[in-house]
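> Mind looking over this structure? Questions follow.
The values are calculated or read from the model by the stated rules, or taken from the named source; none is laboratory data. What you see is a predicted model, and the numbers here were worked out from it, not measured in a lab. Here the Cβ positions follow ideal geometry from the backbone for every residue, glycine too, while neighbour counts run over all protein chains shown.
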Amino acid sequence: MKKILMLTLMASLAAFASVQAFDVYNLANSFTPSDPTNPIGVWSFGRSTDLTGNTFVLNTAYQDNWGGTPGGTSIWWSEVPPAYPGYPGNWPLFWHNFADGANYFQTGVDRAGVNGVVRWTAPSEGLVNIDISFTQAPGYGSVGVVILLDQVDSADPNAWIIFNATSPNSFTWTGHHVKADDVFDLVITAPPGSQNTMVNAIFTLYAIGEPGAPEENNIPEPTPPAPDVDPDPYDPTILMWSLNRDMDGKTLATGGDGPDTPIWKYGYAYDYASFAVMDGINLEYDKPLFYPTVEAFVWPHIGKNNTLFTDGVGVPSGWHTMHGSTVNPNVWTAIRWVAPPAIAKDAVRVEINTVAPHGAAVSTMVLVKNGKYVASVEGFTTAQSLMVEKSVVAGDTFDLLKQGGSNMGFEYIVTAMDPTCLSQETYLPTDLNEDCYINLEDFALFAQDWLKCNDPLDPACTDVP
């Protein structure tokens, strides 16, 4: 009998040791609804004015009744501005119904443009499974639902969209690697008028390496920095600047993060030498749109695809997009790179890669240095590339100008380098094709005109112009 008990105990211990280590955070029951403090554990309830993840504000106003039933429902409100007598705050609001254990977000109403947000913050590093569903309450219109992921330790500072749909809908994601303080936002958007949506959210967090933990399914960096390159665009020793890496959509229209000399600027122009900074911004869920507020148009504009996916017009994740003016064809969309004060080299390679404009629209792009024409690609409808090498000193500007009403996805890369023949534009007299080499190609150019002349006073000339 003792032997049987001992074997049973050993089997139980072995089974216990093999159980996976995980924590389940169920929005329906993993917080204390009667606690007025916010955030509550891993959950926060609040609002945002855009869908980029960086305008989240907690809803701190609290009330434990709804419709005069104390203890029946816990409600978190926007604390300012108060709107209705007897209520502590305004919309949007999050509420927990004790009768059915469900959680609801009510948004819209009189605060159009202010979104409701449920935020889950990772308490520790691990692998997380996500299971989220949204169910529209009867009698209410459909709302937009967006799930954002903000990886706090990522080299790319964007809040990435991992789900975008309308309610009702659901989303499941297995095995995402998170670090402590990584944030997931469940954002509920609504037009004016009361909108009510039930939110169910379960986050299961596994310790890495524990039995039963899911296989890692992490998001790759969409635009990783090049090897051995300092990601700070204001380091004077830097050798490469990438618009898609350096400008993340959280910077202002003046460009870049540096306090004194921005490397990148968004802009528009009426000619090669009339660059003007765009001073308007509209933060949409998938891209921040920069546009000029002068005159009677918001075109042209420049944005960035902040989703994890190629968008509907073919712009890859992490790339910028520029759209020409559909109102004024004489306006060029512009991106400017400014040589920093202590540039490490005396020349740069400027490289532009594009994806095709959508539809059959024709685009033209021109590269301008200090307001003077350098190179162009005229009237294209397919993906194009443009690369030049030019000498450079601090303060020199290179503008990429785009004309045409179509949408063009692009990457803009500037690499510092030692001067070359191409960048100095100094050629030997016999370098007839100006490729910096004296070879048979130059001899062929010489040979094709052998014995020709163009003297109009000499009747023996064979090729008089």
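> For ASP271, state whether it is more than 21 Å from the chain's Cα centre (by Cα) and modelled with pLDDT of 80 or more.
yes
> Turning to a different aspect of this structure: Of everything in region 382-393, what is surrounded by 15 or more Cβ atoms within 10 Å (Cβ to Cβ) and either basic (Lys, Arg) or part of a loop (DSSP other than H, G, I, E, B) (or both)? Give them in sequence order.
Within region 382-393, GLN384, LYS390, VAL392 meet the criteria.
> Looking at the structure I just gave you, is VAL392 modelled with pLDDT under 85 and either touching a strand residue (DSSP E or B) at 6+ places or on another chain (Cβ under 8 Å) or of a type in the set (Lys, Arg) (or both)?
Criteria not met by VAL392.
> Okay, next question. Could you run through region 316-349 and say how many residues are aromatic (Phe, Trp, Tyr) and in a loop (DSSP other than H, G, I, E, B)?
Adding up the residues that qualify gives 1.
> Considering only residues of region 183-197 that are in a strand (DSSP E or B) and at pLDDT below 85, which is farthest from GLY41 (Cα to Cα)?
Result: GLY193.
> Just for region 95-148: of the residues that are outside any strand (DSSP E or B) and modelled with pLDDT of 80 or more, which one is nearest to ASP182 (Cα to Cα)?
Across region 95-148, the extreme among qualifying residues is ALA122.
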